[in-house]
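K.L.:
First the structure, which I've put down as structure tokens, then a few questions once you've had a look.
The values are calculated or read from the model by the stated rules, or taken from the named source; none is laboratory data. Remember, it's a predicted structure, so these values are computed and weren't measured experimentally. Cβ placement follows ideal geometry from the backbone for every residue including glycine, while neighbour counts extend to all protein chains displayed. Accessible surface is based on the protein model in full, side chains and every heavy atom, while ligands, DNA and RNA are left aside. Shrake-Rupley method; radii C 1.70, N 1.55, O 1.52, S 1.80 Å.
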Amino acid sequence: SLLRYLVQFCTVLFIFSNSDLKLDISLNINNSALLILIYIVIIIVGTGLVNFINFMDGIDCLIASTFFISLFFLGLFESNVTILILSGCLLGFIPWNFSPAKVFMGDTGSTFLGAYYTMLLYGKNYSNAPYLILIIFPLIIDPVLTLMLRFSNNQNIFKAHKLHLYQRLNAGGFNHMQVVSVYFVTILLNCIIFNYLNNLWLIISNSIWILLGIYLNSKYAIPFK
């Protein structure tokens, strides 16, 4: 696990070291101690994102479908051919990963996508980073709340588990595609709102998804324990 995190840390460090975000921070902050602290926080956030995306790749087609639609709309919004090509690759992968999956993405795929999205966050349009997080918010809030709940219940947060909402929904009776549909539709609507409405609506939509998650958790998911 230490070697794994070291690789992730070095990957995010490389991304950040070559980013426009680092350049602008370096030019605007003269306090060395504060600068180092900001660097550390940014790198930890990046490695967190990489791991969260990896944690969510535990059910057929969840990450493949949600990242396909997220990258497709981002590619259109930014007129970025590279992003559109990657979304096309995911579209080609989805039939193989569709439940029951014939091919799994695995850590190689999910951690790469997490690192790629981190690169988008820290790139030339880093001012849009909060909204890029809000686009995939359902994929972020699930592992974040799960981590907090496990910590508050004195569980070992570094130990493998099946306590994410998507896993407990599946255990509670939702099949793979029903679970995927929940995350896919919410992220699809976030993408449409991001591209065609103002950012306030993106915040409102994610507030609604939180309420939806609370409802699904209480009504259909097996208990958190």
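K.L.:
I'd like to check something: does segment 211-219 contain any residue that is modelled with pLDDT of 95 or more, open to solvent by less than 50 Å² (accessible area, probe 1.4 Å), hydrophobic (A, V, I, L, M, F, W, C) and not in a helix (DSSP H, G or I)?
P.N.:
For segment 211-219, residues modelled with pLDDT of 95 or more, open to solvent by less than 50 Å² (accessible area, probe 1.4 Å), hydrophobic (A, V, I, L, M, F, W, C) and not in a helix (DSSP H, G or I): absent.
K.L.:
Can you name every residue in segment 1-35 that is small (Gly, Ala, Ser) and within 25 Å of the chain's Cα centre (by Cα)? Spell out the reasoning first.
P.N.:
Looking only at segment 1-35, we keep the residues that are small (Gly, Ala, Ser), and these are 1, 17, 19, 26, 32-33.
Ser1, Ser17, Ser19, listed by residue number.
Results for (1) open to solvent by 30 Å² or more (accessible area, probe 1.4 Å); (2) in a helix (DSSP H, G or I), shown as yes or no for each residue.
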| position | (1), (2) |
| --- | --- |
| Pro100 | yes, no |
| Ser127 | yes, yes |
| Pro143 | no, yes |
| Leu163 | no, no |
| Leu188 | yes, yes |
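K.L.:
Among the residues of segment 1-50, write down those that are touching a residue at least 12 places away in the same chain (Cβ under 8 Å), among the polar types (S, T, N, Q) and open to solvent by 30 Å² or more (accessible area, probe 1.4 Å).
P.N.:
Ser1, Thr11
K.L.:
Which ones in segment 55-83 are open to solvent by 20 Å² or more (accessible area, probe 1.4 Å) and in a helix (DSSP H, G or I)?
P.N.:
Within segment 55-83, Phe55, Phe68, Phe72, Phe73, Leu76, Phe77, Glu78, Val81, Thr82 qualify.
K.L.:
Could you say which residue among Asn80, Asn28, Asn51 is polar (S, T, N, Q), in contact with a helix residue (DSSP H, G or I) (Cβ under 9 Å, 6 or more places away or on another chain) and more than 30 Å from Leu163 (Cα to Cα)?
P.N.:
Values: Asn28 fails: in contact with a helix residue (DSSP H, G or I) (Cβ under 9 Å, 6 or more places away or on another chain); Asn51 fails: more than 30 Å from Leu163 (Cα to Cα).
Exactly one residue qualifies, and that residue is Asn80.
K.L.:
Here's another thing I want to ask about it. Could you tell me whether Leu86 is in contact (Cβ under 8 Å) with a residue 40 or more places away in the chain and assigned to a helix (DSSP H, G or I)?
P.N.:
Numbers: in contact (Cβ under 8 Å) with a residue 40 or more places away in the chain: no; assigned to a helix (DSSP H, G or I): yes.
Taking the combined requirement at face value, the residue does not satisfy it.
K.L.:
For Phe93, indicate whether it is open to solvent by less than 50 Å² (accessible area, probe 1.4 Å), assigned to a helix (DSSP H, G or I), closer than 20 Å to Gln178 by Cβ and without any contact (Cβ under 8 Å) to a residue 60 or more places away in the chain. Talk me through it step by step, then tell me what you get.
P.N.:
Working: open to solvent by less than 50 Å² (accessible area, probe 1.4 Å): yes; assigned to a helix (DSSP H, G or I): yes; closer than 20 Å to Gln178 by Cβ: no; without any contact (Cβ under 8 Å) to a residue 60 or more places away in the chain: yes.
No.
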